[in-house]
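Input: a single structure, listed below in structure tokens.
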Amino acid sequence: PAFAAETTVSVATKNVEIGTETVTLDVTVSEATFATYEMKVEYDATALELTDIAQGAATNGVFVANVNNGEVAAADANDSTVSGVLFTLTFKVLTDVKGNYPVTVAVDNVVTANDTAVEVATEAGAVVVEEAETPNVPNTGDATVVVLLAVAFGVLATGVTVSKRKLFN
């Protein structure tokens with residue numbers, strides 16, 4: 001049986017800090033029955049470089065991935081009803097510019113073993129590059145702190161000296 005239109009292939013979204021070298025995104029499917037799929041990964045090549053496509057647990061049969069053109073295909077002689085990770089994408093992060101870099105998959109062909117087309121919706125994901133947050137910690141080497149401490153100790157020392165003189169006079 002063909003699956004309903006609520007079958008969705010989704011790409012994960014991950015937030016990374018500027019300077020991160022690689023990031024992995026899972027491409028998942030909601031519960032679906034199929035034998036074969038073909039997809040193409042689309043992304044911003046100025047910010048990301050696709051370096052690997054690894055088969056996921058929800059893909060059965062022969063798995064073929066071409067990193068150079070972002071094409072992924074799987075074929076099995078029998079239908080499988082699956083949900084979970086179809087494949088995992090690994091990207092090298094090329095940018096040091098903060099931003100949201102979408103990653104999508106175009107579904108070219110999803111069919112059952114008897115060649116019935118399966119209707120599939122897609123949800124885009126992204127690599128979100130963010131600036132590293134620096135904690136707001138006071139600078140203990142600040143000259144102002146040193147001067148205030150010196151003044152405080154000076155006042156304290158003067159007060160002790162004055163008190164001692166009054167006792168002996």
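The values are calculated or read from the model by the stated rules, or taken from the named source; none is laboratory data. Not measured: the values here are computed from a predicted model. No Cβ is skipped: glycine too gets one built from the backbone with ideal geometry, and neighbour counts run over all protein chains shown. Each accessible area value is taken on the protein alone, full model and side chains, heavy atoms only, with ligands, DNA and RNA left out. Shrake-Rupley method; radii C 1.70, N 1.55, O 1.52, S 1.80 Å.
Does ALA57 satisfy being among the small types (Gly, Ala, Ser), within 23 Å of VAL129 (Cα to Cα), out of contact with any Cys (no Cβ under 9 Å at 6 or more places or on another chain) and assigned to a loop (DSSP other than H, G, I, E, B)?
Values: among the small types (Gly, Ala, Ser): yes; within 23 Å of VAL129 (Cα to Cα): no; out of contact with any Cys (no Cβ under 9 Å at 6 or more places or on another chain): yes; assigned to a loop (DSSP other than H, G, I, E, B): yes.
Criteria not met by ALA57.
All conditions but one from (1) assigned to a strand (DSSP E or B); (2) among the polar types (S, T, N, Q); (3) modelled with pLDDT of 95 or more apply to SER30; the one that does not is (3). Selection of region 60-98 for residues being of a type outside the set (S, T, N, Q), under 24 Å from THR22 (Cα atoms) and assigned to a loop (DSSP other than H, G, I, E, B) yields VAL67, GLY70, LEU94, ASP96, VAL97, LYS98. Do the conditions hold for GLU119, that is, is it in a strand (DSSP E or B), surrounded by fewer than 19 Cβ atoms within 10 Å (Cβ to Cβ) and among the acidic types (Asp, Glu)? Considered against the rule, which asks whether it is in a strand (DSSP E or B), surrounded by fewer than 19 Cβ atoms within 10 Å (Cβ to Cβ) and among the acidic types (Asp, Glu), GLU119 comes out as no.
Note on region 45-72: among residues that are under 16 Å from ALA32 (Cα atoms) and of a type outside the set (Ser, Thr, Tyr), the one that is farthest from the chain's Cα centre (by Cα) is GLY61. Residues in region 89-111 that are under 25 Å from ALA32 (Cα atoms), open to solvent by 80 Å² or more (accessible area, probe 1.4 Å) and among the polar types (S, T, N, Q): there are none. Of all the criteria given as (1) modelled with pLDDT under 95; (2) surrounded by fewer than 19 Cβ atoms within 10 Å (Cβ to Cβ), the one not satisfied by GLN55 is (1).
Failed condition for ASN109, given (1) in contact with an Asp or Glu (Cβ under 7 Å, 6 or more places away or on another chain); (2) of a type outside the set (Phe, Trp, Tyr); (3) under 23 Å from VAL23 (Cβ atoms), with all others met? Unmet for ASN109, out of (1) in contact with an Asp or Glu (Cβ under 7 Å, 6 or more places away or on another chain); (2) of a type outside the set (Phe, Trp, Tyr); (3) under 23 Å from VAL23 (Cβ atoms): (3). Counting the residues of region 21-44 that are within 14 Å of the chain's Cα centre (by Cα) and open to solvent by less than 40 Å² (accessible area, probe 1.4 Å) gives 3.
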